[in-house]
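Asker: Can you read through this structure? Questions will come right after.
The values are calculated or read from the model by the stated rules, or taken from the named source; none is laboratory data. Because the structure is a prediction, the values reported are computed rather than measured. Here the Cβ is made from the backbone with ideal geometry for all residues, glycine too, and neighbour counts use every protein chain on show.
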Amino acid sequence: MHYSCPPLVGGVEEILRHHAQVLTRFGHRVSILAGMGDAFNDAFEITIHPLIGSQNDRVKAAQEACLRGRYGPLKAVEDEIYRLVRDWARGLDVLIAHNVLHMPFNLPLSLALRRLAFREKVRLVSWAHDSPYVREEVPDHLFSPPWVSLKLPHPEISYVAISDSRRAAFKKTLKGIRWRVIHNGIDPVDFFYLSRETANLFRELKFTERDLVVVQPSRITPRKNLELSLEIIHGIKSLGCKVLFILTGAYDHHEGRAVAYYQRLREKISELGLSDNVAILAEYVFRDGRRLVPSQTFIRDLYLMADLLLMTSRDEGFGLPLLEAGMIKLPIACTRIKPFQEVGKDVCFFRVDDPPLFVAGRIMEYLSRTTTHEMYRRVMRQFTWDTLYKREILPFLDELTEKSPAVS
């Protein structure tokens, strides 16, 4: 619940959308109630009722009357909202109210929810993004009844803050409330506008659980020197890194030498113990049985999701993958051959005959100096919605509902 929902644009509206999407993805039944917005997703129920909004004329008039000492209109709107929310919440286990219990934009809604927490079975959560009480100047009327309820604890309401700093600010001004921190996050699939194929691959190969994702857009042919790539990946793994290596190129199934080379690579993957660390997209089959057919958009998506472009060629006519990686600021490690040297700048060069473990160490040292890589990997490990759901949101919901559903 919030004053508004998408397609209206706003920070809280975005968090509400992501919450609904991740909860639905993990099998929860979700319903949204808002005062403004529209049915922006067919995957869950969305109810729009003007009295829930912050711009409703009746709500505004009731609040203005309250400021002049007339409480009748406020009570009338509160009663109507109470019945509305009570009926909508029937059958729900948890009601997450985003910001509306602490902000002064719809006081009848705030009061109705406080009543609801006492009288109904639904577990009410105040998910607080902001509060006027943390500002330097707070209007005097917010310290007087009934407005002061916006800062008072409620024994039947659970309270969530979106960051440690917000919790610290709330604890100073909203006395007596016990806060739990559940962070905001980001959905890489949404943010990068990833194709369905990339999104499925992202989840099946567990990108967010990796320390490093390396992509090599090379055809499977001996001159690409892919056995060196596997040795380097083995070296990175031996340094304690949870690495994923994605080889995008295909090979000619009708060419005997290409098939033999591919088989040698498969054997090397097994010998090096890299079965969980290497994905060859030419043979990739999704869990639902569909084969992956990489497109140019798909390859671009992989660049966006990767931490490093690796090129181990002995010979090339040009270095197009380096240009592609440069366009999105993707770190690059490649052999010191002339075509790559012509176009590469501030990349991690190595010789074809350098020991693979030495190259692995150079790559890790290079990435440690690439500060954007460290931030990217921190976001991917800690702040994607799927990770936050498993680490923070689901345990909280389990505590509220005293259930322990399995997480896949």
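Asker: So which strands (runs of 3 or more DSSP E) stay within segment 116-184 end to end and still have 1 or more residues that are within 27 Å of residue 395 (Cα to Cα), out of contact with any Lys or Arg (no Cβ under 9 Å at 6 or more places or on another chain) and not small (Gly, Ala, Ser)?
Answerer: Strands (runs of 3 or more DSSP E) meeting the threshold: 123-128.
Asker: Would you please name the residue that is nearest to the chain's Cα centre (by Cα), looking only at residues in segment 135-165 that are buried (at least 17 other Cβ atoms within 10 Å of the Cβ) and among the β-branched types (Val, Ile, Thr)?
Answerer: Looking at residues that are buried (at least 17 other Cβ atoms within 10 Å of the Cβ) and among the β-branched types (Val, Ile, Thr), I get 162.
Asker: Same structure again: Would you call residue 308 assigned by TED's automatic domain parsing to the domain that holds residue 231, of a type in the set (A, V, I, L, M, F, W, C) and closer than 20 Å to residue 364 by Cα?
Answerer: In short, yes.
Asker: Sticking with this structure for a sec: Restricting attention to segment 47-67, which residues are surrounded by fewer than 18 Cβ atoms within 10 Å (Cβ to Cβ) and in contact with a Pro (Cβ under 6 Å, 6 or more places away or on another chain)?
Answerer: 65, the sole residue that qualifies.
Asker: Moving on. Go through segment 187-250 and tell me which helices (runs of 4 or more DSSP H), entirely inside it, have 3 or more residues that are closer than 24 Å to residue 367 by Cβ, in contact with a Lys or Arg (Cβ under 9 Å, 6 or more places away or on another chain) and in the same structural domain as residue 354 (by TED's automatic domain parsing).
Answerer: Counting at least 3 such residues, we get 226-238.
Asker: Okay, moving on. Across segment 5-56, what is the number of residues that are within 24 Å of residue 78 (Cβ to Cβ), small (Gly, Ala, Ser), out of contact with any Asp or Glu (no Cβ under 6 Å at 6 or more places or on another chain) and not in a loop (DSSP other than H, G, I, E, B)?
Answerer: Adding up the residues that qualify gives 2.
Asker: OK, next. Considering only residues of segment 344-365 that are at pLDDT below 95 and crowded, with 17+ Cβ neighbours inside 10 Å, which is nearest to residue 237 (Cα to Cα)?
Answerer: 347
Asker: Given the criterion more than 29 Å from the chain's Cα centre (by Cα), buried (at least 18 other Cβ atoms within 10 Å of the Cβ) and either touching a residue at least 24 places away in the same chain (Cβ under 8 Å) or under 19 Å from residue 299 (Cα atoms) (or both), identify the matching residue among 280, 220, 236.
Answerer: Unique residue meeting the criteria: 220.
Asker: Here's something else I'd like to know. I'm trying to understand the selection: among the residues of segment 6-46, which are surrounded by 15 or more Cβ atoms within 10 Å (Cβ to Cβ) and either outside the structural domain of residue 112 (by TED's automatic domain parsing) or over 27 Å from residue 383 (Cα atoms) (or both)?
Answerer: 35, 36
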